[in-house]
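Here is the structure we will look at.
Nothing in this text is a laboratory measurement; each read-out follows from the coordinates by a stated rule. Here the structure is a predicted model, which is why all the values come from computation and not from measurement. Glycine gets a Cβ as well: all are built from the backbone with ideal geometry, and neighbour counts include every protein chain shown.
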Amino acid sequence: MIVAIDGPAGSGKSTVAKRVAQQLKYNYLDTGAMYRAITYEALKNDIDIENSDALTHLARSAKLEFRNEHMGIYSDIFINGQRVTDEIRLPEVDANVSAVSKVAGVRKAMVRKQRQLAGNDVIIEGRDIGTVVFPDAKLKVFLTAGASERARRRALQLESTGEKIDSLQVQKEIIRRDQIDSNRENSPLVKAVDAVELETTDKDIEQVVREILLLIKNAL
Ligand code: DC
């Protein structure tokens, strides 16, 4: 069964989706990591972030791989043979990933790859999974949370990687990214009409995981 989990930055998608996948022994696909890897590679090769043709060419030709699978969860992402698992979380990538993922050609290449990678039983998370990548997904969940809570979660995540953070800056960055992701012309971040919306501001991870597991059980 295909389970689509969409929502804005910091809504808890990755943490929750991974746990649900582990419990059900489903595959897990983090589509944001793919846009991040393309962004990292573009920055590394000094590609102009405004140059849609160059970005499209990169997205089409880059070799993207998930490796080191354990119970359906891949711990590493590689682009053109380089492990970029940590690099894709750098602030430069955060700052540029929304601009890269606006580009129609980039999205087309990523969506094609995502459909190839998903498999039959998968928890797949992103921004356009329920609307574009798998519009026929058996279950669609749209996670939300207030901006300050999302910034708090993102800051915790960054701190855990040893990075120095300015929480106000993190909040600004999250809001800026959401604005671009929600207002872009190509597959904007929007709740699919048939998605179940879960508001998670005051819920802990375990509670959200339980709610999604129940939704999956009912959908089977
Ligand atoms: O989930 P994330 O924060 O790692 O995603 C990083 C960026 O990638 C996000 O700001 C927008 C883009 N993205 C997208 O456009 N479509 C997806 N399906 C997943 C991510």
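Odds and ends about this structure:
- Count - residues of segment 136-148 that are surrounded by fewer than 17 Cβ atoms within 10 Å (Cβ to Cβ) and either more than 18 Å from Q207 (Cα to Cα) or among the charged types (D, E, K, R) (or both): 4
- Candidate set from segment 76-98 (those that are among the β-branched types (V, I, T) and more than 18 Å from R177 (Cβ to Cβ)); member that is surrounded by the fewest Cβ atoms within 10 Å (Cβ to Cβ): T85
- Counted residues, segment 81-107 - those being out of contact with any strand residue (DSSP E or B) (no Cβ under 8 Å at 6 or more places or on another chain) and under 23 Å from V133 (Cβ atoms): 15
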